[in-house]
1. Pulled fully out, how much extra length does the chain show between residue 458 and residue 376, if you take 0.36 nm times their separation in residues and subtract their Cα-Cα distance?
2. Would you mind classifying the chain by shape? Square roots of the alpha carbon gyration tensor eigenvalues, ordered a ≥ b ≥ c; an a/c under 1.5 is rounded, otherwise it is prolate if a/b is larger than b/c and oblate if not.
3. Report the Stokes-Einstein translational diffusion coefficient (µm² s⁻¹, integer) for region 358-460, Rh taken as the Kirkwood radius over Cα pairs, at 4 °C with viscosity 1.567 mPa s.
4. Angle check, please: helix 216-228 long axis (alpha carbons) against the longest principal axis of the chain (alpha carbons), in degrees 0 to 90, nearest 10.
5. What percent do you get for the relative contact order of region 272-392 when only Cα pairs under 8 Å and 6+ apart count?
6. Between residue 115 and residue 294, with labels modelled 7 Å along Cα→Cβ, what's the label distance in nm to one decimal, could you check?
7. Based on DSSP H runs of at least 4 residues, each adding -39500 (n - 2.57), what is the mean residue ellipticity at 222 nm of the chain after dividing by all its residues, to the nearest 500 deg cm²/dmol?
8. Hey, with R₀ at 60 Å, roughly what FRET efficiency would residue 318 and residue 211 work out to, going by the Cβ-Cβ distance, to 0.05?
Ligand code: AMP
Ligand code: ZN
């Protein structure tokens, strides 16, 4: 069956034609690990997971890379503001490497709980500085840069066109710029590739240009190239990446190899909360733990996201979460009834449902339509094991574990706080404190198990 994706590059829905059908190569922009991911960030990775599963449903094998930005990334995408990692380090009185380690693990735990498949390759920026250095050197060699005393810039005027994704030109950008223009830049859209670190900057590496750190955009281009080559199939990210980060990735790639790195660019729209932006000051910036504290399993949030196409905004409300919770319970109940059913259904009926579901997911991951097919099967008055089997097949896309009991266990806040304290104690290698905290957690009725991915908590 044909597969269609909306491609931001061409601004249209296009049939997906792989470069090599034996292996689909994908790059996803990953998190900057300076704080817990909020549920808006997590929507972006649920979309990434949805894409993976749809490709697999169509029989494809994947080679998928996601970066972890664990080296500083400025507060604005356009090289301004404070470094997010340094800001967090000051806030928590840790060094930026500890910050990155802690929040990367928290992120990996979140995506695991959401049943998001981990990409085949998770690439940490700090482990690829040498790759980035080589990449920058080639861009310099190819004549696409200029430098100030402390920064190597990409010269966007050397490109045939800058702004192929958002279709803007340099003049339009100038007109729209609200921020002070960096005096060393020749063009408003130029950006930093390689930056000399000030004396007090902790994250820095010895390089051809002195003690430096890389620009944020560079890591994705360099790591994408290392693992996926000069050109791969799909690049994903949030819509906020379109105007700067992805334009700059394309610019870098053109400067490096002359090519646009991916053929299909897919972007997920934003999650709004109560119809507006999420923000700390409005007290509506939620993490997965906040949802769990209020009694919603991570998979309820997963279910909630299927209510809208990834290309549309989705509005988060507690009411909508309640509906998703009920819907997930009904889905599991409906599956159970079919699995215990003894009636027969024809292969023709099964195939027609499967066909409709498959068409929906292949139509640019149209999950609302796919879900309507799932409900048709659930509500079918004929109760049959054949339907249960079909629902399990659909669940390879949904990832809702429809054949398992609802896990609604909510960990009390007191226990979570002790677990957090214990993580810090272990980072500080304070094993006595760690053991004392373990005992306290036990008194409250929970066991902690240490694993390579972090800690797991279970009710005794
Ligand atoms: P960051 O860690 O800030 O680089 O963001 C990680 C991902 O979350 C990026 O792909 C962003 O586009 C995405 N993102 C940030 N805020 C939202 C939101 N409110 N809704 C959906 N995605 C978001
Ligand atoms: Zn990126």
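1. Numbers: separation 82, 0.36 × 82 = 29.52 nm, distance 3.63 nm.
So the chain would gain 25.9 nm between residue 458 and residue 376.
2. Details: a/c = 2.15, a/b = 1.30, b/c = 1.65.
Oblate is the answer for the chain, as a/c is 1.5 or above yet b/c matches or exceeds a/b.
3. Numbers: Rh = 17.3 Å.
Stokes-Einstein gives a translational diffusion coefficient of 75 µm²/s.
4. The helix 216-228 is inclined about 60 degrees to the chain.
5. Working: 114 pairs, mean separation 33.6, N = 121.
Relative CO of region 272-392 lands at 28 percent.
6. In this crude label model, residue 115 to residue 294 measures out at 2.2 nm.
7. Values: 15 runs with 197 residues, N = 460.
Computed ellipticity for the chain at 222 nm equals -13500 deg cm²/dmol.
8. Working: r = 49 Å, r/R0 = 0.82.
According to the calculation, E is roughly 0.75.
None of the figures in this text is laboratory data; all of them are computed from the coordinates on show. Worth saying up front: this structure is predicted, and the values here are computed from it rather than measured. FYI the Cβ positions are ideal-geometry reconstructions off the backbone, even for glycines, and counts take in every protein chain you see.
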